[in-house]
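Structure first, commentary second.
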Amino acid sequence: QKEVEQNSGPLSVPEGAIASLNCTYSDRGSQSFFWYRQYSGKSPELIMFIYSNGDKEDGRFTAQLNKASQYVSLLIRDSQPSDSATYLCAVNRGGSNYKLTFGKGTLLTVNP
Amino acid sequence: ETGVTQTPRHLVMGMTNKKSLKCEQHLGHNAMYWYKQSAKKPLELMFVYSLEERVENNSVPSRFSPECPNSSHLFLHLHTLQPEDSALYLCASSQESVDQPQHFGDGTRLSIL
């Protein structure tokens, strides 16, 4: 089983819709969870991070964590064409910050 | 300057060349990382330096040699690379704590002829 799994997509949504990006992880002891956005040819940019079960909102973005199900998601409300990018889920398996494992990413396309 | 800066942005080299990638962070972080990103693969952690000491070396071939002279600078020395080493090489930095995010530089796009 892969450590961090994401649907590679592409996920296509119309402008103004809600985009839902999902991520599952295998290590039940994982402690912190990060979402990065990566535009083509650019480096990953931190969008959100979450440590506790439940929801965390920041502007149009909401991260959701369910440790019992080993599942973390990112919702993007009122999607814009500028949100079109690859979204990387990263999971910290604990102990030290460098125990960060990335998924392959989900390509999101927001159509005008 | 702010953030994490990497040079050069692009590098083309032959298999027998020696070159170095440079990374500098202006965030006051105490940990720095080298990652390799190839097409259709997850980010692969190569090396980690925490407080200027190497703490992780993920079975990286010896043709890649890291150097961390101080907490703000990180180098990746390249020698006798193979075509499969062509990739985007990303540097990142963070505070050494499980709840702190890593911040990435813009990367060096490396092509091996």
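The values are calculated or read from the model by the stated rules, or taken from the named source; none is laboratory data. All values reported here derive from a predicted model rather than from experimental measurement. Here Cβ is always computed from backbone atoms with ideal geometry, including for glycine, and neighbour counts include all displayed protein chains. In case anyone asks, the SASA skips ligands and DNA or RNA and just uses the protein heavy atoms, side chains included. Shrake-Rupley method; radii C 1.70, N 1.55, O 1.52, S 1.80 Å.
For B:His77, the solvent-accessible surface with a 1.4 Å probe is about 60 Å², rounded to the nearest 10. At a Cβ-Cβ separation cutoff of 4.7 angstrom, cysteine residues of chain B with no neighbouring cysteine are B:Cys68. For B:Trp34, the solvent-accessible surface computed with a 1.4 Å probe is close to 0 Å², ligands and nucleic acids excluded.
The shape of chain B can be summarised by an equivalent ellipsoid whose semi-axes, obtained from the alpha carbon gyration tensor, come to 23, 14, 13 Å from longest to shortest.
Can you pull the Rg over Rh of the range A:10-112, Cα-only, Kirkwood?
Working: Rg = 13.3 Å, Rh = 13.8 Å.
Radius of gyration over Kirkwood radius for the range A:10-112 works out to 0.97.
Among the GluC sites (Glu not before Pro) in the range B:1-82, those located in a DSSP loop and surrounded by at most 16 other Cβ atoms within 10 Å of their own Cβ are B:Glu1, B:Glu52.
The region of chain A that goes longest without hitting one of the trypsin sites (Lys or Arg not before Pro) in a DSSP loop, each with at most 15 other Cβ atoms within 10 Å, is A:78-112.
Rg/Rh for the protein assembly as shown (Cα atoms only, Rh after Kirkwood) is 0.97.
When Rg and the Kirkwood radius Rh are both evaluated on Cα atoms of the range A:10-58, their ratio Rg/Rh stands at 0.99.
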